[in-house]
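See structure below.
The values are calculated or read from the model by the stated rules, or taken from the named source; none is laboratory data. Fair warning: this is a prediction, and the values are worked out from it, not measured in the lab. Note that we place each Cβ from the backbone using ideal geometry, even for glycine, and neighbour counts take in every protein chain shown. Heavy atoms of the whole protein, side chains included, go into the accessibility calculation; ligands, DNA and RNA do not. Shrake-Rupley method; radii C 1.70, N 1.55, O 1.52, S 1.80 Å.
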Amino acid sequence: MKHIMVNIVTAILIALSFTACNQQQGKANIENLKTSANDSAPKLNFADGKASLGRLFPDKLRDLPNVILAAHSPNPVYAVFEDNMYIWKHNTTVQANEDLQIIEYGSFVFTDKGWYLRVTMTPADFEENYHCKGGLLKKGVIYTDTASWRRGRKLTGGDAMWYYIAKDKNGRLVKGTAPIETEGKLLNSLAKTMTVVNSKISWTGYGEIGGYSLSGSIELKDADIQIDSTGIKSAKINIDIASLSHEEKHLEEHLKGEDFFEVAKFPSAVFVMESIQYKNAGNAVISGNITVKGVTKPVQFPIEVSTADKVTIIKGKISIDRTAFGIKYNSKSFFGDLGDKAIKNNFDLVFEIQVK
């Protein structure tokens, strides 16, 4: 086991390079940092990363209360290949349960010699990268760096740890740590096509006056969803508009008719994901295009993602402007003097899709 660990951490230093921001922001980026067990290795200064005998974390962080919540998402993170480089993309979030002033932050790289202090950054850097004015953490507020990425010329795994040192209102120093695993594998090679095991979709339309609303259900026709260990990689959702239902059959037939969805001609609606932005492991915002009645429009909406018994559960709510797809019936945007017969342009779809 010891020999395996030596091999792993030696490989880490061949291409390990962590940056505090993306390449376009001009932050330092060390590529192909080389070291080995032989005398040809560069003389790196490990003093700030020194750990006491039998201890894992660097002495630099020893004895400071751990009160800052810090995390990376996704974690582990897999590489993508862009601009002739491997990039390990992830978000880094920081949150405190009291007001704190950032003093410094940075990252350690784990090597066969222990921790190596890769980079130390200032409150001004924190303000820029985490969009946190003055580096002052406000109680309960989540601050995010969306580009604290590692880059390298070789597809090699490695481990690192971001650290944060701050001062409370009494001048006490506190810390937070966020280890991260970057894997020597490409992201796209790990995605798996999921099978839908259960789904539920409901719709709600609203009147312009008062709190009047109508709700019903609609069925999922099929879905092509690909997921890897870091999250959703692609999604194409086919909704069976012809299955639209309501307890009042007269209203149901009206909604299926030419005034609304015209299901005889357009029996389904399709959503295709273009991108996804994770806020944390369980929350994300999806952007894509939805096609209704042959018209395609962009849409963006939040989702919640969880896993139970090897089943991934995706929940969300989409608000759709029906008039963008030519559905103008009783819309105040096109007709006047509708009174209490006016219908709001936007209707909601609430969904839950379970895949395995």
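If you scan the range 62-121, which residues turn out to be within 19 Å of K167 (Cα to Cα) and either without any contact (Cβ under 8 Å) to a residue 12 or more places away in the chain or charged (D, E, K, R) (or both)?
Result: R62, D63, E98, D99, E104.
On the basis of being at pLDDT 95 or above, surrounded by fewer than 14 Cβ atoms within 10 Å (Cβ to Cβ) and over 23 Å from V77 (Cβ atoms), does V263 make the cut?
Considered against the rule, which asks whether it is at pLDDT 95 or above, surrounded by fewer than 14 Cβ atoms within 10 Å (Cβ to Cβ) and over 23 Å from V77 (Cβ atoms), V263 comes out as no.
Let me confirm something: among S331, S287, which residue is out of contact with any Leu (no Cβ under 7 Å at 6 or more places or on another chain), over 30 Å from N91 (Cβ atoms) and hydroxyl-bearing (S, T, Y)?
S331
Are any residues in the range 288-302 at negative phi, open to solvent by 30 Å² or more (accessible area, probe 1.4 Å) and out of contact with any helix residue (DSSP H, G or I) (no Cβ under 6 Å at 6 or more places or on another chain), and if so, which ones?
Residues satisfying the conditions are N289, T291, T296, P298, Q300, P302.
Does S331 qualify as being free of Cβ contacts under 8 Å to residues at least 24 places away in the same chain, crowded, with 17+ Cβ neighbours inside 10 Å and not acidic (D, E)?
Details: free of Cβ contacts under 8 Å to residues at least 24 places away in the same chain: yes; crowded, with 17+ Cβ neighbours inside 10 Å: yes; not acidic (D, E): yes.
The answer is yes for S331.
For the range 116-140, what are the residues that are within 30 Å of L187 (Cα to Cα) and open to solvent by less than 20 Å² (accessible area, probe 1.4 Å)?
M121, F126, N129, Y130
Hey, can you tell me all the residues within the range 214-241 that are more than 26 Å from E274 (Cβ to Cβ) and of a type in the set (A, V, I, L, M)? Give the derivation first.
Of all residues in the range 214-241, those more than 26 Å from E274 (Cβ to Cβ) come to 214-217.
Hit for the range 214-241 is L214, nothing else.
Conditions first: (1) among the acidic types (D, E); (2) in a helix (DSSP H, G or I); (3) open to solvent by 30 Å² or more (accessible area, probe 1.4 Å). E252 passes all but one, so which condition is the exception?
(3) is the only condition that E252 fails.
I'd like to check something: does the range 97-110 contain any residue that is modelled with pLDDT of 95 or more, buried (at least 20 other Cβ atoms within 10 Å of the Cβ), touching a helix residue (DSSP H, G or I) at 6+ places or on another chain (Cβ under 7 Å) and outside any loop (DSSP other than H, G, I, E, B)?
Looking through the range 97-110, at least one residue is modelled with pLDDT of 95 or more, buried (at least 20 other Cβ atoms within 10 Å of the Cβ), touching a helix residue (DSSP H, G or I) at 6+ places or on another chain (Cβ under 7 Å) and outside any loop (DSSP other than H, G, I, E, B).
Spot the failing condition for G140; the list is (1) of a type outside the set (D, E, K, R); (2) farther than 21 Å from K279 by Cα; (3) touching a strand residue (DSSP E or B) at 6+ places or on another chain (Cβ under 9 Å), and only one is missed.
(2)
Of all residues in the range 158-210, count the ones that are assigned to a loop (DSSP other than H, G, I, E, B) and farther than 30 Å from I103 by Cβ. Can you show your working first?
Applying the first criterion (assigned to a loop (DSSP other than H, G, I, E, B)) to the range 158-210 yields 168-172, 187, 191, 194-195, 208-210.
When the remaining residues are screened for being farther than 30 Å from I103 by Cβ, the result is 187, 191, 194-195, 208-210.
Qualifying residue count for the region: 7.
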